1. For the range 40-55, what does the Karplus curve 6.51 cos²θ - 1.76 cosθ + 1.60, with θ = phi - 60°, yield as ³J(HN,Hα) per residue in whole Hz, taken in order and with x for Gly and Pro?
2. In this model, which of Lys67/Lys128; Lys105/Lys128; Lys67/Lys105; Lys67/Lys191; Lys128/Lys191 are farther than 26 Å apart at the alpha-carbon?
3. Working out 0.36 nm times the residue gap between Thr138 and Arg85, then minus their Cα-Cα distance, what length gain in nm do you get to one decimal?
4. Between rounded, prolate and oblate, where does the range 151-266 land on the alpha carbon gyration tensor, with a ≥ b ≥ c its root eigenvalues, rounded for a/c under 1.5, else prolate if a/b exceeds b/c?
5. For the range 10-26 and the range 237-266, what is the separation of their Cα centres, given in Å?
6. Cα centroid distance between the range 130-155 and the range 74-113, in Å?
7. At 0.36 nm per residue, and after removing the present C-alpha to C-alpha distance, how many nm does the segment from Asn259 to Arg195 gain when stretched out fully?
8. Note down the nm distance, to one decimal, between modelled labels 7 Å out along Cα→Cβ at Met55 and at Arg3.
Amino acid sequence: MNRAPIGIFDSGIGGLTVTRAIFERLPAEATIYFGDTARVPYGPKSPDTVRRYSMEIQDWLLGQGVKAIVVACNTSSAHALDDLRAASPVPVIGVIEPGASAATKATRGGVIGVIGTAGTIRSNAYAKAIHALLPAATVEQVPCPLLVPLVEEGWFDHEATRVIAAEYLDPLVRGGLDTLVLGCTHYPLLKPLLRRHLGPQVCLIDSAEETAKAVGARLAELDLTAPDDHVGYHRFVVSDDQARFLEVGGRFVGEKLRNVETVPLG
Ligand code: DGL
C-alpha cells in the first residue's frame, strides 16, 4: 500500500483525458498532473527535443515524490519512453502499448488506422507495437497535426474541425479501416465528431481508458495501490497560461480542476 501520488504528464491539456480515466478507475489515488502548456505542441518537434522536455518534467515529478509516472503524451511515449524508464526509480507507463493492444483485440478485418501527431506517426511506434501483437495487421497511419490546436481551442464540435478531420480521415476510410487508434491525447475529445463521420462500423480506440487499466494493474503488481479509504488529492501544474487550461480543461475533468499552479521549466 502506498499513498504517494501518481505523476501524469502531457505537452498540454490533452493528457487530462488520461487523468480523467485514472480518476474514474482509481478513485483512491492522489495525482499530480503536469501540462507543458508553455511548450505545446510536441508533435512537430524533433525526438531529441521531446526527450529533453520529457526528462525535465519527469525529474520535476520525481522531486514531488510520485510513486509512478504516466506518460499521457503519445509523442513523448513514442520518442522518450525507453529513456524515461531507464532514468526513473519508479515505474513509467506510456500510452502506446495499451492502445495498440486494445486495437489488436478490437479489429475484425485486421485493417487498423492510426492517427497522431507528425512525430508519433514518423516514429512508427504504434505500427511496431501493433505488428508485435498481430503481425498480419494492415496498419495505415496519418499525421493529423491541425487537430491539436483545434482541441486546445475548445473546438470539439466545430464545422472547421469537421472539415479538417474529414480531409485527414477519408483516405483511411477508402482503405477500408475497421478500427481507428486515436493516437494523440487530444483526439478522444473529438470522439463524438469522429464517430459521426466514420459511422458505428469503425471501432475507436481511446488509449486513455486502456492506459488507466494498465496503471491499475502495474500498481497492484508492485503493491503500490492506495488503500480504498484514501481520499486522494489532485494537483494540476502547468508551465504557462493557467486561465486557458482552467477554461478548456474544466470541461473534461469537471470540478476536480481547481488549484492550478504554474511552474516554468527549462
Ligand atoms: N500530447 C500530444 C500527443 O499526445 C499532442 C499535442 C502535441 O503535439 O503536443 O501526442
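1. Working through the residues one at a time gives 4, x, 8, x, x, 7, 6, x, 5, 5, 5, 5, 5, 4, 5, 4 Hz.
2. Working: Lys67/Lys128 29 Å; Lys105/Lys128 16 Å; Lys67/Lys105 30 Å; Lys67/Lys191 31 Å; Lys128/Lys191 24 Å.
The answer is Lys67/Lys128; Lys67/Lys105; Lys67/Lys191.
3. 16.1 nm
4. oblate
5. Each part's Cα centre sits 12 Å from the other's.
6. If we compute the Cα centre of each part, the gap is 13 Å.
7. That works out to 19.7 nm of additional length.
8. So the two model labels end up 3.5 nm from each other.
Just so you know, all these numbers are worked out from the coordinates, no wet-lab data involved. What you see is a predicted model; the values in this text were computed from it and never measured. Neighbour counts are summed over all protein chains in view; Cβ atoms, including those assigned to glycine, are modelled from backbone coordinates with ideal geometry.
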